[in-house]
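Undergrad: Input: one structure, supplied below.
The values are calculated or read from the model by the stated rules, or taken from the named source; none is laboratory data. Because the structure is predicted, anything quoted here is derived from the model rather than measured. Cβ coordinates were reconstructed from backbone atoms using ideal geometry, including for glycine residues, and neighbour counts include every protein chain displayed.
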Amino acid sequence: MASHHDDKYNNAIKEGAAAATAQQTVVIDKTGFAGLSDLEKSQKIEAAIREQLSPEEADKYISTKIEDAKANIRAYGGDVADLLIEGLADKGYNLYNILVKPSSEGAYSSLQGAGGIEFCSVEHGELSSQVDDMVQNIAHATGADVKDIRKNFTAAPEEHAKRTGAHEGQHCDGTSGLHGEVYADKESYEHVSPEAGLEYRDYRALVAMYDAGHATNPIVMGDQPSGSRVMDYKVGMLHSGVSRVFDSVVEDYMGVDNKTHSSEWDMDKYAAATEAMKADLINSANAMPDGPEKTEALIVAEATINYAEDYQDAYRRRVLGEDVPERKQIELVSKDAKAAFYNDHFDADKYEKKNAEQLHADIKENINKYGNADATAQTQDNDDWGWDDGADDIGTSLVAMGGDQNQPQVQEIERPQANIQAKPVEFSV
């Protein structure tokens, strides 16, 4: 029997799911499934279905699913079909793998239907430790200490359970891929406290380079073209590609090996490197000849900068405990210009995981080829760029500056000064 403690989280996840989907929902608690037999798991799943659907709906759904499964076995099982059916039923296989087949110990949702009965199945594991799981993932991604991170997550765990319910509930009405995660995240943030929403966005930011399929922040919080599944797919593909390499671009400016844990970084130096990167990305893209390549370079620059600055702000909030307000995403290209590019010129293959190293090289090549020579050629014998302390803040209001929307122009910005040891900007590609 579920405890009051368990009911609190189950009720929260069900509340979130019900708010996010038009379908009726069935929440399946998979806590402890790893130690159960298939028969025991099937009994838990059947109990959840019967508890949350009406008796008539539950009977119709369960009987239809089992009869459909038997028909499939008879179609392919030949003379031994009835023996297979009997053996599977004895093991509880029909209910465990046919009614709703749990995906894992984590959160998952799927739209289930049989006999005219439909519902959104929302599965979950241990919800009370959900925040601790997020903290562990952040520690793994950043190298920071778990205790330092955990004290900076203060939203009620029930809020995160509710967010999970809304996220998974929306998946029953939505799509897959990064664009599907965008819709689910947007929906989930509408049903939780601002504090819980920001904590989860910071989680997304800090693991983005390792979890490209969920690196949603620049799309959720930015102004990207949408309106069709094709457009959503293209926007998601570009951003997932950039999320895999943004940290490598920043690390090039810091003069450290790629994928170095950020616990070894001085975040002030990271910030200085990010500002230098921002200036070079914008100025080099702006120097390119008008055309789709220029538009693409600006879109990639925008995404790279937003991922890097989101990471920096999230690190300051969740690892260092600093009070940093959530910033607005920068926009270098109008929504109409982005849509025109995605419609007519986008090549999804460039942003596949298999091509991440080439994307990284392409970004560096654009900086080398089109960067401001006067701003980037200052080197000293010790390979310091020769910057001084006291940089002016670039700011976050770098927006398209009129003209033909399909040929965006952004204001050239002054390269910031910083006192960090870094490689010369002439990268090897």
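Undergrad: Which numbered condition trips up residue 382, out of (1) more than 25 Å from the chain's Cα centre (by Cα); (2) surrounded by fewer than 19 Cβ atoms within 10 Å (Cβ to Cβ); (3) at pLDDT 95 or above?
TA: Residue 382 satisfies all of (1) more than 25 Å from the chain's Cα centre (by Cα); (2) surrounded by fewer than 19 Cβ atoms within 10 Å (Cβ to Cβ); (3) at pLDDT 95 or above except (3).
Undergrad: Which one is surrounded by the most Cβ atoms within 10 Å (Cβ to Cβ), of the residues in the stretch 218-234 that are closer than 16 Å to residue 330 by Cα and more than 13 Å from the chain's Cα centre (by Cα)?
TA: Our first condition is that a residue be closer than 16 Å to residue 330 by Cα; within the stretch 218-234, this holds for 218-225.
Cutting the leftovers down to more than 13 Å from the chain's Cα centre (by Cα) gives us 222-225.
Values: 222: 17, 223: 13, 224: 27, 225: 19.
Among those that are closer than 16 Å to residue 330 by Cα and more than 13 Å from the chain's Cα centre (by Cα), it is 224.
Undergrad: For residue 351, work out the one condition from (1) of a type outside the set (Lys, Arg); (2) touching a Leu at 6+ places or on another chain (Cβ under 7 Å); (3) at pLDDT below 95 it doesn't fulfil.
TA: (3)
Undergrad: What are the residues in the stretch 73-88 that are loosely packed, with under 12 Cβ neighbours inside 10 Å and either on the phi < 0 side of the Ramachandran plot or of a type in the set (Asp, Glu) (or both), if any?
TA: Within the stretch 73-88, 75, 76, 79, 80, 83, 86, 87 meet the criteria.
Undergrad: OK, next. Scanning the stretch 26-71 for residues that are closer than 22 Å to residue 109 by Cβ and among the hydroxyl-bearing types (Ser, Thr, Tyr), which turns out surrounded by the fewest Cβ atoms within 10 Å (Cβ to Cβ)?
TA: The extreme case among them is 54.
Undergrad: With the requirement that a residue be hydroxyl-bearing (Ser, Thr, Tyr), in a helix (DSSP H, G or I) and out of contact with any Leu (no Cβ under 9 Å at 6 or more places or on another chain), what does the stretch 11-70 give you?
TA: Just the residues of the stretch 11-70 that are hydroxyl-bearing (Ser, Thr, Tyr), to begin with: 21, 25, 31, 37, 42, 54, 61, 63-64.
Checking the rest, the ones that are also in a helix (DSSP H, G or I) come to 42, 61, 63-64.
Passing the criteria: 63, 64.
Undergrad: Give the residue that is farthest from residue 223 (Cα to Cα), with candidates limited to residues of the stretch 321-363 that are part of a loop (DSSP other than H, G, I, E, B) and under 20 Å from the mean Cα position of the chain (by Cα). Lay out the reasoning, then the answer.
TA: Pass one, the stretch 321-363, residues part of a loop (DSSP other than H, G, I, E, B): 321-334, 345-347, 352.
From what's left, under 20 Å from the mean Cα position of the chain (by Cα): 326-331, 352.
Values: 326: 16, 327: 14, 328: 10, 329: 8, 330: 9, 331: 8, 352: 23 Å.
Ranking the candidates gives 352 first.
Undergrad: Give me the pairs, please: first residue somewhere in the stretch 54-74 and in the same structural domain as residue 117 (by TED's automatic domain parsing) and under 17 Å from residue 26 (Cβ atoms), second residue anywhere and among the β-branched types (Val, Ile, Thr) and modelled with pLDDT under 80, beta-carbon distance under 6 Å, and either six or more positions apart or on two chains.
TA: From the stretch 54-74, the pairs are 65/98.
Undergrad: Any idea which of (1) in contact with a helix residue (DSSP H, G or I) (Cβ under 7 Å, 6 or more places away or on another chain); (2) closer than 28 Å to residue 175 by Cα is the one residue 77 doesn't satisfy?
TA: (2)
Undergrad: Can you tell me how many residues in the stretch 108-129 are part of a loop (DSSP other than H, G, I, E, B) and modelled with pLDDT of 85 or more?
TA: Looking only at that region, the number is 2.
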